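For reference, the structure discussed in these notes is given below.
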């Protein structure tokens, strides 16, 4: 239920939720990955990572009503052993409104060949190792889910599809003023639904 007394500006109201969401790829690129990839040259399906538009599905519309794309930035590059891709963030916009603030993020990284699949496996393991995760079935080729409560509550899913690493996160406020986090179970369910929608929207391959 939306409060009948609404603040003059939603900018401050959504700040806490928006700040919670973007989880960047934390990867240490080094020579050891080159050796692993060289010895395990399984070719991946994706020469490039999908752009942010791959996540703009009906699921995103439901999770983040009236959303705006606030971040669309490239990450990594040809010189990076972990690969390159995009980081994206959608949020309920500021200003007067009737929707509870929510935010969703996507990090998509395509690992380079040779050995792109092996590197993507390492990307998933390395990036999610800092969290207490649980395995998630039916999303990509392998996936784990976790909840991060520092500094704000956000639910995330890390997924691998061939040589592609995807990280999707979702956070929602308990009320219009965004002073308290929403129900954790709702965030977890939303993050998993969002992750599944992204993997299902992926093409079979993406040329560079």
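Ordering 208, 137 from the fewest to the most neighbouring beta carbons within 10 Å gives 137, 208. The fewest-to-most ranking of 88, 169 by surrounding Cβ atoms within 10 Å reads 88, 169. Placing a pseudo-label 7 Å from each Cα along the Cα-to-Cβ vector at residue 42 and residue 125 gives an inter-label distance of 1.2 nm. The alpha carbon centroids of the stretch 51-84 and the stretch 113-149 are separated by 18 Å. Annotation: for a label point projected 7 angstrom from Cα along Cα→Cβ of residue 141, residues of the stretch 151-165 with backbone N closer than 13 Å are 159-165. Quick note on the stretch 49-208: its Rg to Rh ratio, both from C-alpha atoms and Rh being the Kirkwood radius, is 0.97. Between residue 69 and residue 134, the FRET efficiency from the beta-carbon distance, with R0 = 22 Å, is close to 0.15.
Any read-out appearing in this document is the output of simple, stated calculations on the displayed coordinates, not a laboratory observation. What you see is a predicted model; the values in this text were computed from it and never measured. All Cβ positions, even for glycine, are placed from backbone atoms using ideal geometry, and neighbour counts span all protein chains on display.
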